[in-house]
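Have a look at the structure below, then the notes.
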Amino acid sequence: MDEQAKWSDAKAPLPRAMKGFDNIRRYRDPSSGNVIAKLLPGDFYVTKEDEVLDTVLGSCVSACIRNPKTGVGGMNHFMLPHPRGESGDSWNAVTGTATRYGSASMEQLINKILVTGGLRSDLEVKIFGGARVLAAITDVGEHNLIFVRAFLKQ
């Protein structure tokens with residue numbers, strides 16, 4: 001692709017985000033023309049479009065899930081497996097379904113993909129992140145990985 005074509009692609013309008021994802025920062029990369037959706041901690045995003053989903057991880061985890069038959073896919077970015085004391089109602093009443101927790105984020109991501117045309121049996125999943133960022137504290141990344149692997153097995 002020549003430079004003029006890249007420049008015109010970079011100026012093309014973005015495809016409309018699916019309903020409910022207007023809060024996700026999206027832009028067109030000027031060098032490639034790709035549409036990029038930038039996820040922050042606590043975000044999840046689902047699309048039918050040909051987009052690059054981007055985030056930065058340490059101990060956080062992102063699950064990238066797609067249905068290759070329908071072209072629906074998405075990604076989340078969660079910080080912790082579940083709220084402390086998840087079995088107790090008082091903490092859940094305060095946090096609700098905050099997607100910064102894997103327990104809520106994974107449910108919401110998968111449900112949105114299924115509602116948009118994915119079949120559970122067709123889903124492909126890749127997980128990223130889970131690093132041990134600080135050796136002096138609990139290995140949050142390992143707890144995130146243990147959680148997401150167990151969740152996906154269910």
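Each residue of the stretch 122-133 was assigned a 3J(HN,Hα) from its phi angle through the Karplus expression (A = 6.51, B = -1.76, C = 1.60, θ = phi - 60°), giving 9, 5, 10, 10, 10, 10, 9, x, x, 6, 8, 7 Hz with x at Gly and Pro. Set against the 2.2 N^0.38 Å expectation for a compact globular protein, the stretch 3-153 has a Cα radius of gyration ratio of 1.14. Take 139-150, 115-126, 39-50 and order them by the average number of nearby Cβ atoms within 10 Å per residue, most first; the result is 39-50, 139-150, 115-126. With semi-axes defined as the square roots of five times the eigenvalues of the C-alpha gyration tensor, the equivalent ellipsoid of the stretch 27-77 measures 18, 16, 8 Å, largest first. Sequentially through the stretch 140-146, phi angles give Karplus couplings (6.51, -1.76, 1.60; θ = phi - 60°) of 4, x, 5, 4, 4, 5, 4 Hz, Gly and Pro residues having no value and appearing as x.
None of the figures in this text is laboratory data; all of them are computed from the coordinates on show. Computed from a prediction, not measured in an experiment: that's the story for all the values here. When we count neighbours, we look across all protein chains shown, and the Cβ atoms used for this are built from the backbone with ideal geometry, even at glycine.
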